[in-house]
Amino acid sequence: MHEENKAAANGCGKIRSGARNGAALLALMEKTGYSMVQQNGQRKFGGPPPGWEGPPPPRGCEVFVGKIPRDMYEDELVPVFERAGKIYELRLMMEFSGKFIGVCVSLDNCRLFIGAIPKDKKKEEILNEMKKVTEGVVDVIVYPNATDKTKNRGFAFVEYESHRAAAMARRRLIPGTFQPWGHTIQVDWADPEKVVDEETMQRVKVLYVRNLMISTTEEKIKAEFNKFKPGVVERVKKLRDYAFVHFFHREDAVAAMSVMNGKCIDGASIEVTLAKPVNKESSWKQHFNGQISPSSENLLGFPNKEDGTQKSLGKPASLSVRLNGQHSPGPPEAERSTYPIFPGIKLTPISMYSLKLSHFSSAVMHLDYFCHKNSWAPPEYCLYSTTSQDGKILLVYKVLISSIADDSQSYFMPEKLCTTVEDAKELAAQFTLLHL
């Protein structure tokens, strides 16, 4: 028996209550032949198991198990999980719990978001810094600034060889002790990429083109993509420094992707991939890993399941009351904390789109953020007015949402008028979010 196995088992024995000790774990390891290593707050059982040949299991083979009772360990868990199939690796972390366990497919995210990076740093510099302090770094993804291609956008994505490597890197970087180039960086999980089934992707005939110059026109893009085979491009939709190129036939789109990826247009080296279709039928509630609790639904303004009424979307309760034509005072607005800026506090530039959903308090900001995350055009607000019987000017906004990937458009307009522009815009954004 390896010494690390004994150490891991003995460490568990010290934690167990009652007369139980590490003997049960030692017996398990002797019976199965699996090794056990304890490090950085987790214990790894297996990985690989004895006699394993070939590479580790591919992504998608891991499940996350939560709410495990804190006094339950591998000798009891392994027999339960082995009922489903052969275990490659089990990683155990301690949590306070006394509930039933929950099992779901593990997100298996291998990518971290690193924010507040100096904009003059190149990909190689960022890659080297990440490799200095974390293990398993595979690649660093850095996007050029939209207006100055010699600079980055102040953030990067670091790809790791496994979810475990990414999780260990996040744990090491999050305390803020690592300050590359004298900067305090921001670290979090990267938003997982949308998964589109293979059958749907086989029908895609639209290309997503990234890293364009702001000055490059749709006409120029169309002309460049038509060069390899004249007349194959149906239309082009461009927004800032990226665009969607629509083709008449899929085979031409695939061929153009191969030919045009890495080409220079107006001095910028472009990246070309197949565009992922946006499923508009899936509501915005499923955004951010699809995890919004019932209490969050009320906070974000979804209809109350019991009475069907709409709650305020982060604005003062008085706004919700006014919009519903009532004049009685509503509940007090949730307190928003403020903090003093002391001398010497360092402020770092940050993009709005690198923040979390919880940082936004208005529906207008939510809607803008949601459109950006889905690679849609920014929402367009069209203001309309009418006059009430007592001569007041009443206002309402109509909102246009354009999905650039499939060139579809949707209009949303609430059925209520407001007396101020701010209230009208907020109401329109609330209404749009509820109906997307």
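Estimated at the nearest 10 Å², the accessible area of residue 419 is 90 Å² with a 1.4 Å probe. For region 355-434, the tally of Lys pairs with Cα-Cα distances below 28 Å comes to 10, considering only residues 8 or more apart or on different chains. Per atom type, region 111-189 shows carbon and sulfur on 47% of its accessible surface, probed at 1.4 Å.
Here the simple spin-label model places points 7 Å from the Cα toward Cβ, and for residue 24 and residue 150 these points are separated by 6.5 nm. For region 355-434, pairs of C-alpha atoms spaced more than 16 angstrom apart make up 52 percent of the total.
Its relative contact order, with pairs defined as Cα atoms under 8 Å and 6+ residues apart, puts region 111-189 at 42 percent. Annotation: residue 368 carries an accessible surface of approximately 40 Å², with a 1.4 Å probe and no ligand, DNA or RNA atoms counted. The listed residues 366, 249, once ranked by accessible area (1.4 Å probe) with the largest placed first, stand as 249, 366.
Roughly to the nearest percent, how much of the accessible area of region 198-274 is carbon and sulfur, given a 1.4 Å probe? C and S atoms contribute 52 percent here.
Report the gain in length on full extension from residue 37 to residue 254: 0.36 nm times residue separation, minus Cα-Cα distance, nm rounded to one decimal. Provide the component values of the computation, followed by the final result.
Working: separation 217, 0.36 × 217 = 78.12 nm, distance 4.68 nm.
Extending this stretch completely gives an extra 73.4 nm.
Remark on residue 235: its backbone amide H falls under 5 Å from those of 246, a criterion applied only to residues 5 or more positions apart or on other chains, H modelled at 1.01 Å from N.
Surface analysis of region 355-434 yields an accessible area of 48 Å² per residue, using protein heavy atoms and a 1.4 Å probe. Heavy-atom accessible surface of residue 341, to the nearest 10 Å², is about 130 Å², with a 1.4 Å probe and all protein chains retained. Of 360, 342, 248, 225, the residue with the largest accessible area leads and the full order is 342, 248, 360, 225 (1.4 Å probe). Remark: region 203-216, residue by residue, has Karplus-estimated 3J(HN,Hα) of 9, 5, 10, 10, 9, 9, 10, 10, 6, 7, 6, 4, 7, 5 Hz, where x stands for each Gly or Pro and the curve is 6.51 cos²θ - 1.76 cosθ + 1.60 at θ = phi - 60°.
With every protein chain in place and a 1.4 angstrom probe, the accessible-area ranking of 247, 157, largest first, reads 157, 247.
Here the calculated FRET efficiency for residue 220 and residue 81, from their Cβ-Cβ distance with R0 = 45 Å, stands at 0.20, rounded to the nearest 0.05.
Taking a threshold of 25 Å on the Cα-Cα distance, which of the pairs 122/263; 121/276; 131/263 fall above it?
The answer is 121/276; 131/263.
Once the C-beta distance of residue 172 and residue 351 is scaled by a Förster radius of 30 Å, the resulting FRET efficiency is 0.80 to the nearest 0.05.
The values are calculated or read from the model by the stated rules, or taken from the named source; none is laboratory data. Given the structure is predicted, the values throughout are model-derived calculations rather than measurements. Reconstructed Cβ throughout: ideal geometry from the backbone, glycine too, with neighbour counts over all protein chains shown. Side chains included, ligands, DNA and RNA excluded: accessible areas come from the protein's heavy atoms. Shrake-Rupley method; radii C 1.70, N 1.55, O 1.52, S 1.80 Å.
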